[in-house]
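Input: a single structure, listed below in structure tokens.
The values are calculated or read from the model by the stated rules, or taken from the named source; none is laboratory data. In this text, all values refer to a predicted model and were calculated from it rather than measured experimentally. Neighbour counts run over all protein chains shown; Cβ positions are idealised from the backbone, glycine included. Protein only, heavy atoms only, side chains kept; ligands, DNA and RNA dropped before computing areas. Shrake-Rupley method; radii C 1.70, N 1.55, O 1.52, S 1.80 Å.
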Amino acid sequence: MSRPSVRRAALAAVMCLPVLAGCELVSQKTFDRHAGDPPVLPETPPPPVPGSDRPALVTIVAGTPDAQWKPAVRAAVADALSRRPNALFTVVVEVPSGPDGAEPDMRHAVDADGQPVLQAVMDAGAGSAQTELDARSVSATSATQICVYVQ
């Protein structure tokens, strides 16, 4: 290589050095400043309790005679089905916990109090696929209630 061509190459390299020094390499962080950060997973919320976010369609205190609550259930279910034929009815038996905070006998409460209300909802026109039966424990200060919710 001749001397002038070596000089030219050296001169070109010296002139390009400041230009290259100001360059920034392109990476994922160029377009997204959070790229490569570990994922932040949201905490899983507890499953919703049926009816906790809306008022009950019908609420019945356990021990109420059938003749008093059946017409109300029949009318409410018929009205709900006329507005939305595929409505889902959830019958929730709210059983008070024991005086010492002990868990109540849910099975007995569901069989004795919830099943007749569920049957009345189905007799009023709701199909078996449109009904659910659930139970939950509530504070000991309240009485056993059967609530019918509609979605």
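Summary table below
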item: Residue check, L20 at pLDDT 75 or above, open to solvent by 100 Å² or more (accessible area, probe 1.4 Å) and farther than 30 Å from E132 by Cα; result: no
item: Failed item in (1) part of a helix (DSSP H, G or I); (2) closer than 13 Å to L57 by Cβ; (3) hydroxyl-bearing (S, T, Y), with Y149 passing the rest; result: (1)
item: Residues of region 92-115 that turn out to be within 13 Å of I60 (Cβ to Cβ), open to solvent by 30 Å² or more (accessible area, probe 1.4 Å) and of a type in the set (A, V, I, L, M), as a count; result: 1
item: Verdict on L118 being more than 19 Å from A135 (Cβ to Cβ) and open to solvent by less than 50 Å² (accessible area, probe 1.4 Å); result: no
item: Of residues in region 55-74 being open to solvent by 40 Å² or more (accessible area, probe 1.4 Å), hydrophobic (A, V, I, L, M, F, W, C) and in contact (Cβ under 8 Å) with a residue 40 or more places away in the chain, the one nearest to G127 (Cα to Cα); result: L57
item: V77 being part of a strand (DSSP E or B), open to solvent by less than 30 Å² (accessible area, probe 1.4 Å) and either under 16 Å from M122 (Cβ atoms) or without any contact (Cβ under 8 Å) to a residue 12 or more places away in the chain (or both); result: no
item: In region 121-151, residue surrounded by the most Cβ atoms within 10 Å (Cβ to Cβ) [restricted to those that are charged (D, E, K, R) and touching a residue at least 60 places away in the same chain (Cβ under 8 Å)]; result: D134
item: Condition met for V49 (surrounded by 10 or more Cβ atoms within 10 Å (Cβ to Cβ), of a type in the set (V, I, T), in a loop (DSSP other than H, G, I, E, B) and modelled with pLDDT under 85); result: yes
